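Working notes, structure below.
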Amino acid sequence: MSGVHNISGQTGKVTITAEQVAASDVLEITGCSDAEVELLSAATSKVILKDCTRCVLKLSVGSTIETGTVEVVDCNTVEVKAAIKVGQITISNTTAATATFNKTEQLGKIGHTGRNGVAVGFATAPEYNVTLTSANLAEIISASTGVGAGAAGAGAGEDALSGATFVTHFVDEEVVTDEAGDLAAKEAAAANAARPISAATAAEKREMLTKAKKALGDKKPEGNEFVVADKKGETVALSTATLPPKPVLLLKGNEDCTFDLSNTTSVIKLLINGCKRCKVLLPASCKLITSVVEVWDCEDLGLDAGVKIGTLQVDISKAITVTFASTDLLGQVVQAGVEGMEIKFPSAPEQDVVLSQSVLEALAPGIKLPEDKTTQFTTRLVDGKVLTEEIIRLANDFPTTLREKEKHDRDLKAKDAALTAMAAKMLGEAGLSPADKEELAAKVKTTSEKHGYELEAESGKEARVEYKKRQGTEMFKAKDYQQAAVHYTEAIQIQDDIPAIYANRCMCWLKLAEADKALADADKCIELDPKYTKAHFRRGVALLELDRYEDACKSFRATLDLDPKNSQAKSSMMLAEKKLMMSRR
C-alpha cells in the first residue's frame, strides 16, 4: 500500500535512500530551512516540497519518481535540481523558485502561477536558461489574448496574472512558456489533427490539416532566431515590422554600428556576439520578454537599458559599458573574463561602478587577470547600494557569495543557540519523563551536529573537488558504480590533475566492464604520477580484459617493480602470461 514518508523541520544535508522510502510512497518535505534534500538511488511515487525556505531538492541519477511529479507549495527561495527526467513540476504560492536540469530533455513541464514566476536552467545548455518574472508573464498573456499589457491599465494586468497559470516546457529545441489555457487549446487542436479519419477524402484531410496548423499557431514562441550580422558603420532600427513573431535577436560580428530597438519592439532574448565598437539601445518602450541579455566575445560595446534586465551575462569581452536609466532596472550583471566594465546610472551617478582589473583582483584575491577567464562576479542592488561580489561555489556546487554565506552562518548559529537554550529550559522543567528528556537531548544533539556540519562547509575549488570525490566513494561503497563514476567525473571537471580521482574512476569502469575507459583513466593517472601503483595494476587488468596479454604483463611487472609483495599483481601476471602463451599456439 502507498503511504507518506515525511521529512519535516530539517536543516543541512538530508539523504533519502531506497531503504528509507518505498516506490509507492509520497515523499513529503515540509517546514525545512537551509536544507539540501537528496533523493539518492531511491524510488518514490511523488515528491511534495511545502513550507520550505532556502532549500534545494536534489534528484540524483538513479533515483525515480514513478508519477514523474514534483509539487512545490508555499515555499520561499527553493530549487529543484534534477539529474533525471521530471514529467511535471507544479509550483504554487512560491517566491524565488528555480528548476535546474542537467540536460534539456529532462524538462517535462513546469506549471507555475503568474505573480511569482520561475527561473529555469540547464547545466549543459546554459543558452536555454530563462528567468520568467511577472512582467514577462504578463507579456505572454498579452500575446495570447491580443490585448496589450498596458491597454487596460496596471490593475487589470495584476488581475489577469492573479488568476493565470503558465506551463514552461521544451518544444522543438526551445524552452517555451505558454499560458495554460492557450496550451490546452493548442494540444487539443493537435490531437484533433492527429486523430485518424478513415472516411475523409484527401481534400478534407488537407482542409483539416490547414485548420489544425492555424489553431496551433507558432509552436516555437521562443525559437524564432533573427540574426543581424556583419554590418559595418550602420545605424539599424529594429521594430516589430522588421522582426519575425517572438524573436530571439542575435547581433553577430558587427562593427561600428548602432542598434535601436525602437517603439514597442518586443524580443524574447537579446544575444550579442563578436561585435566591436557598437552601441545597443533598449528604450523604455521596447520589451525584453525573458529579461535576459547575453554578451560574449565583444569589444568596446555600449548597452543603454531603459528596460529591466533580470540577468545580463557578459563573458570574455573587453571595454563594456552598461547604462541603466535607473537602479531599479538592474537585476544582476554576471561576468567572467571581462577586461574593463563600467555600469552607470545617470539618475544616480553615485552608484556608478568601474570594474577594472585591480578592482576585481581585490574582490577575489589570488586570481590573475586577464588570464583568468572562469572566475565569476555578480553586480546587484543590495540594501539600496550597487554591490559587486565574487561568486563562490560551496562544496555541493551551490552558487553564492561570501557575504551571503557569512549571513547564513550567523543565522544558523543564532538558530542553534536558540534551540539549545529552549531545550535546556525544557530539560530543567518538571513534568518530562527521563525517556522524554533523553529523546529531546538526542534530537538537539543531532540538529546541532547538522548545523556544525553546515558551518564547516567550505567553498572554493579544493572543497568542491573533495565533496565530489567523497560522493563518488560513498556510491562506490554502495556498489552504484555508474553514479560513482559520475561524481568522479564531476570532480575531474573541476580539477583535472589529481591522480587518485582518475584511479578511482578507472576502478568504476572496470566494475562496469568498460575496459577501454578504464585503460584511458589508468594511463592518465600514470601520466600524472608514474609511481601510482594501483594505476599500473588497474591498467594491467584493463589490458587483460581487452585481450592485450603482452601489454598486461608489462603493466603487472611495473606494479611489482613498485610493490614486490603485491600478491594480486603476481597472480594476475601469471594469468596474463598463461593467456599469452595460449594465444600464440
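For this structure, a couple of remarks:
- Taken as a whole, the structure leaves V338 outside the set of residues that are of a type in the set (V, I, T), in contact (Cβ under 8 Å) with a residue 24 or more places away in the chain, within 12 Å of T388 (Cβ to Cβ) and surrounded by fewer than 17 Cβ atoms within 10 Å (Cβ to Cβ).
- Number of the condition not met by A284 [criteria: (1) in a strand (DSSP E or B); (2) farther than 30 Å from H169 by Cβ; (3) not polar (S, T, N, Q)]: (1)
- Flag for D315 being of a type in the set (D, E), surrounded by fewer than 24 Cβ atoms within 10 Å (Cβ to Cβ) and under 27 Å from E361 (Cα atoms): yes
Table: residues versus (1) closer than 24 Å to I289 by Cβ; (2) under 18 Å from the mean Cα position of the chain (by Cα).
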{"site": "C55", "(1), (2)": "no, yes"}
{"site": "K58", "(1), (2)": "no, yes"}
{"site": "E71", "(1), (2)": "no, no"}
{"site": "T95", "(1), (2)": "yes, yes"}
{"site": "T98", "(1), (2)": "yes, yes"}
{"site": "E105", "(1), (2)": "yes, yes"}
{"site": "I110", "(1), (2)": "yes, yes"}
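- Top-ranked residue in the stretch 22-42 [being part of a loop (DSSP other than H, G, I, E, B) and closer than 15 Å to S60 by Cα; ranked as modelled with the lowest pLDDT]: S41
- The set of residues in the stretch 1-28 being polar (S, T, N, Q) and either touching a Cys at 6+ places or on another chain (Cβ under 6 Å) or more than 18 Å from K46 (Cβ to Cβ) (or both) consists of Q10, T11, T15.
- Filter pass, G223 being at pLDDT below 95, over 22 Å from G337 (Cα atoms) and surrounded by fewer than 21 Cβ atoms within 10 Å (Cβ to Cβ): yes
- Exactly one residue out of S266, S239 is out of contact with any Lys or Arg (no Cβ under 6 Å at 6 or more places or on another chain), of a type outside the set (K, R) and assigned by TED's automatic domain parsing to the domain that holds V307, and it is S239.
- Checking each residue in the stretch 326-335 for being part of a helix (DSSP H, G or I) and either surrounded by fewer than 16 Cβ atoms within 10 Å (Cβ to Cβ) or touching a Leu at 6+ places or on another chain (Cβ under 9 Å) (or both) picks out T327, D328.
- Scanning the stretch 355-392 for residues that are touching a Gly at 6+ places or on another chain (Cβ under 8 Å), without any contact (Cβ under 8 Å) to a residue 60 or more places away in the chain and buried (at least 17 other Cβ atoms within 10 Å of the Cβ) yields a count of 1.
- Residue satisfying all of: in the stretch 294-320; among the small types (G, A, S) and assigned to a strand (DSSP E or B); nearest to T133 (Cα to Cα) among these: G310
- Residues that are touching a Phe, Trp or Tyr at 6+ places or on another chain (Cβ under 8 Å) and either buried (at least 21 other Cβ atoms within 10 Å of the Cβ) or on the phi > 0 side of the Ramachandran plot (or both) within the stretch 1-55 comprise G12, E36, listed in sequence order.
- Flag for T323 being in a strand (DSSP E or B), buried (at least 16 other Cβ atoms within 10 Å of the Cβ) and assigned by TED's automatic domain parsing to the domain that holds I367: yes
- The requirement of being modelled with pLDDT of 90 or more and of a type in the set (G, A, S) is fulfilled nowhere in the stretch 257-273; no residue meets it.
- If you go through the stretch 230-248 and keep only what is touching a residue at least 24 places away in the same chain (Cβ under 8 Å) and not in a loop (DSSP other than H, G, I, E, B), you end up with K232, T235, V236, A237, L238, T240, V248.
- Selection status of L288, at pLDDT 95 or above and within 16 Å of L270 (Cα to Cα): no
- Candidate set from the stretch 341-353 (those that are without any contact (Cβ under 8 Å) to a residue 40 or more places away in the chain and more than 29 Å from the chain's Cα centre (by Cα)); member that is surrounded by the most Cβ atoms within 10 Å (Cβ to Cβ): Q351
- Members of the stretch 65-83 that are surrounded by fewer than 17 Cβ atoms within 10 Å (Cβ to Cβ) and β-branched (V, I, T): T67, V73, T77
- Search result, residues across the stretch 67-103 that are part of a loop (DSSP other than H, G, I, E, B) and more than 22 Å from T400 (Cβ to Cβ): T67, G68, D74, I84, K85, N93, K103
- When each of I91, I110, I140 is tested for being surrounded by 19 or more Cβ atoms within 10 Å (Cβ to Cβ), modelled with pLDDT of 60 or more and over 26 Å from C55 (Cβ atoms), the lone residue that passes is I140.
- Of note, A500 does not satisfy the criterion of being outside the structural domain of L59 (by TED's automatic domain parsing) and crowded, with 19+ Cβ neighbours inside 10 Å.
- Annotation note: Cβ proximity below 7 Å between a residue of the stretch 4-16 that is of a type in the set (D, E, K, R) and a residue that is assigned to a strand (DSSP E or B) (sequence gap 6+ or interchain) occurs for K13/E36.
- Subset of the stretch 292-329 that is among the charged types (D, E, K, R) and free of Cβ contacts under 8 Å to residues at least 60 places away in the same chain - its residue that is farthest from C257 (Cα to Cα): D328
- Checking each residue in the stretch 467-502 for being among the acidic types (D, E) and within 20 Å of the chain's Cα centre (by Cα) picks out only E490.
The values are calculated or read from the model by the stated rules, or taken from the named source; none is laboratory data. Treat the numbers as computed from the prediction; the structure is a model and nothing was measured. No Cβ is skipped: glycine too gets one built from the backbone with ideal geometry, and neighbour counts run over all protein chains shown.
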